[in-house]
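Take a look at the structure below.
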């Protein structure tokens, strides 16, 4: 009886893992927070709906786990991850996103993230991810794992540009605006802006003019 009491007491006094949730969709942010509330070993001690808010929290509070969307109105998840890891190299990073573009997955893996969970997965996937990363393991959604396997088996390509990014470059060269590209490809303007940032980074271009020259030089148009 005393042993059982001691076990319960230990759990009650155990420090919980502190989580920072980052997502610009309020409903999803609140839903995820409710999912994690009341868990024995985890506690959401900070939430942010923009990159700026996330940066402020990361520099003012201590967190054990970062659970972040990839697309935000002002920063990408990749930028937030880099800041989080520079502040706390031991922080565990879980990307919770709808974005399953292979190039994005590859870029995130370079930053040594601990988990990638798709938003359309069951809630149990996020809970599994938390248990895995806090025990020093990696966790990836089934679809993300399939992408990784395809990348391993696929022949090496000269360009890191994804088919979607190449498609967007062609529209940029034709002087399509962000809104027009979003309408043509049936994606959000925010997604287009994220792709544009990634394209400029991958092509090492700083302006649209230099990107157009790059596209012609590499026979992309």
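We did not get these values from a lab; they are worked out from the coordinates using the rules stated. Fair warning: this is a prediction, and the values are worked out from it, not measured in the lab. Cβ placement follows ideal geometry from the backbone for every residue including glycine, while neighbour counts extend to all protein chains displayed.
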Completion exercise
Taking a crude spin-label model, label points 7 Å out from Cα along the C-beta direction, the residue 74 to residue 201 distance in nm is 1.8 nm
Exercise for the section: Give the Cα extents of the range 21-133 along the principal axes, in whole Å, largest first. Expected result: 32, 32, 26
Completion exercise
per DSSP, antiparallel bridges as share of beta bridges in the chain, % nearest 5, sits at 5 percent
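Under the definition of Cα pairs under 8 Å and six or more residues apart, what whole-number percent is the relative contact order of the range 156-220? Working shown, then result.
Working: 39 pairs, mean separation 24.4, N = 65.
Relative contact order, the range 156-220: 38 percent.
Residue 41 to residue 186: extension gain in nm, 0.36 nm per residue of separation minus the Cα-Cα distance?
Values: separation 145, 0.36 × 145 = 52.20 nm, distance 4.08 nm.
Going from the current span to full extension adds 48.1 nm.
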Exercise for the section: Just grab the label-to-label distance for residue 15 and residue 217, each label 7 Å out from Cα along the Cβ direction, in nm (one decimal). Expected result: 5.1 nm
Exercise for the section: Among (i) 104; (ii) 139; (iii) 124, find the value of volume of the Cα convex hull per residue in Å³ that was calculated from the structure presented, and write down its label. Expected result: (ii)
Practice task
Note down the nm distance, to one decimal, between modelled labels 7 Å out along Cα→Cβ at residue 62 and at residue 145.
Solution key: 3.4 nm
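Assuming R0 = 22 Å, what is the FRET efficiency of residue 26 and residue 111, from their Cβ-Cβ distance, to the nearest 0.05?
So, using R0 = 22 Å, E works out to roughly 0.25.
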Problem - Relative contact order %, the chain, counting alpha carbon pairs below 8 Å whose residues are six or more apart - result: 13 percent
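If the range 108-221 were replaced by its equivalent ellipsoid, with semi-axes equal to the square roots of 5 times the Cα gyration tensor eigenvalues, what would those be, largest first, whole Å?
Rounded to whole Å, the semi-axes are 32, 17, 12.
Counting DSSP beta bridges with both partners in the range 47-144, what percentage is antiparallel, nearest 5?
Numbers: 1 of 11 bridges.
Of all bridge pairs located within the range 47-144, approximately 10 percent are antiparallel.
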